[in-house]
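What follows is a set of notes on a single structure, which appears directly below.
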Amino acid sequence: MAVVTRYIHLSTKGNADVMDITPDVVEKLKESRIKNGIVNISVVGSTSALTTCEYEPGLVEDIKEVFDKLIPQGRYHHDKTWGDGNGHSHLRSSLVGPSLTFPIVKGEVILGTWQQIIFVDFDNRKRNRELVVQFMGE
Amino acid sequence: MAVVTRYIHLSTKGNADVMDITPDVVEKLKESRIKNGIVNISVVGSTSALTTCEYEPGLVEDIKEVFDKLIPQGRYHHDKTWGDGNGHSHLRSSLVGPSLTFPIVKGEVILGTWQQIIFVDFDNRKRNRELVVQFMGE
Amino acid sequence: MAVVTRYIHLSTKGNADVMDITPDVVEKLKESRIKNGIVNISVVGSTSALTTCEYEPGLVEDIKEVFDKLIPQGRYHHDKTWGDGNGHSHLRSSLVGPSLTFPIVKGEVILGTWQQIIFVDFDNRKRNRELVVQFMGE
């Protein structure tokens, strides 16, 4: 049983920038040589999140719009602390969650054909991001 | 340390069909013979999700209604891509999330007495579903 | 490869009480002596949840307010079953989720500087809570 740590680095545009990280995870899995186990992917920071979706332009647009409706940009108490106007970014990230775990079976991350692992940068500006990809298995 | 992969197959009615999969997970855990470790449960596909709740008819009804309010059925950009009218199904699934991990201690999945593992099929039609149940431990 | 189980006990005020459990998780990690692997943290019960945020008073207030808006206290079908008036607590908990998994690298839980692990008690009264902290690794 082995533990293998890899990192993904991304440059994002912020403002609910949705990025498909599936190819990166698959590449790191091959490097890890793990055939059966799990992979945990976690964001570092509190204004971005991970989930899955069918990665196609319509849904990417829908994701931006649904969060503008659920937790709009606006005035939040958080702004009193830092004044950086990204209270909505924090709240959206906490709602979606910072971390995902998937099974690895026979050398593959198990996902649906139309299911991609997406990183959503909810911050209100461009960011350079690091994700941790932790493989455990044999 | 062992890795044991099992699958759960479900026939759902779609439209926020809420199914208690706790008995299935417990059964697969017994088969796995793992006593201490973790279990990761993941959906295959992008229009269903996993979480926990007290599985009783009132809350099952509430879950349907709360998602009808938060992310109503309607017109989404996703429909331009496929025309299958399930943009809301995708968005709800991305919000709830595709995957859960629980501790296994002394041969049991640790949950509260009134806490069940639920699979929610948000698609807008009947579906046959496969879940992956990945056990790791000793 | 080892599995180490620890517990965190909390007394909460309920009503979206947000508690930073990062120091507890770090303390348990030291006890576990695990250097590389993962930690899974899970709530026991169906009216509380786990996520991450920047733990500062403004955001804690924002979290309370955003959930009052998204899933307000009110009349839910769940009340017909138990009459305890906490339908909103269940629904909020199912939405945020019961469980988180993080990577452990070189003896540290990987989180951002302004990213804390938070436990949110959504129940409508004071509660004593138990969380399971499951470490796996080497």
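Quick note: the coordinates plus some simple rules give every number you see, no bench work behind them. Since we're looking at a predicted model, the values are computed, not measured. Every residue, glycine as well, gets a Cβ built from its backbone with ideal geometry; the counts of neighbours run over all protein chains shown.
Assorted remarks:
- Convex hull volume per residue in cubic angstrom - Cα atoms of region B:59-133: 123
- Taking amide H as placed 1.01 Å from N in the peptide plane, C:T51 has its amide H under 5 Å from the amide H of C:I118, C:V120, each at least 5 places away in sequence or on another chain.
- Net charge of the neighbourhood of C:G45, taken over other residues with C-beta under 10 Å away and scored Lys/Arg +1, Asp/Glu -1, is -2.
- Spatially, region B:1-27 and region C:1-31 are offset by 28 Å when compared through their Cα centroids.
- Listed residues B:L91, B:L100, B:L59, most fluctuating in chain B (Gaussian network, C-alpha, under 10 Å): B:L59
- With the helix formula -39500 (n - 2.57) applied to DSSP H stretches of n ≥ 4, the protein assembly as shown reaches a computed 222 nm mean residue ellipticity of -8500 deg cm²/dmol.
- Spherically averaged projected area of the protein assembly as shown from its Cα convex hull (nm²): 17.5
- Compared with the dominant principal axis of the Cα atoms in chain A, helix A:87-96 is inclined by about 30°.
- Among A:T47, A:T101, A:T22: highest mean-square fluctuation, GNM of chain A, C-alpha pairs under 10 Å: A:T101
- With label points set 7 Å from Cα along Cα→Cβ, the inter-copy distances at C:K35 are 2.7, 2.7 nm, sorted shortest first.
- Exam field: A:Y7 pseudo-label spacings to other copies (7 Å along Cα-Cβ), nanometres: 3.8, 3.8
- Least to most buried among C:L131, B:L95, B:L70 (fewest other Cβ within 10 Å first): B:L70, B:L95, C:L131
- Here A:K64 is the anchor, and the aspartates and glutamates within straight C-alpha reach of less than 18 Å, apart from those fewer than 8 places off in the same chain, are A:D17, A:D20, A:E54, A:E56, A:D121, A:D123, B:D79.
- Whole-angstrom gap from region A:51-130 to region B:94-138, using each part's C-alpha centre: 22
- Cα-projected label distance for C:T81 with B:E138, points at 7 Å along beta-carbon direction, nm: 3.8
- Rg to Rh quotient for region A:2-137, alpha carbon positions, Kirkwood Rh: 1.01
- Inter-copy separations for A:E61, label at 7 Å along Cα-Cβ, nm, ascending: 3.8, 3.8
- The angle between the Cα long axis of helix B:57-70 and the longest principal axis of the Cα atoms of chain B comes to about 50 degrees, rounded to the nearest 10.
- Between helix A:22-32 and chain A there is an angle of about 40 degrees, using the helix long axis and the longest principal axis of the Cα atoms.
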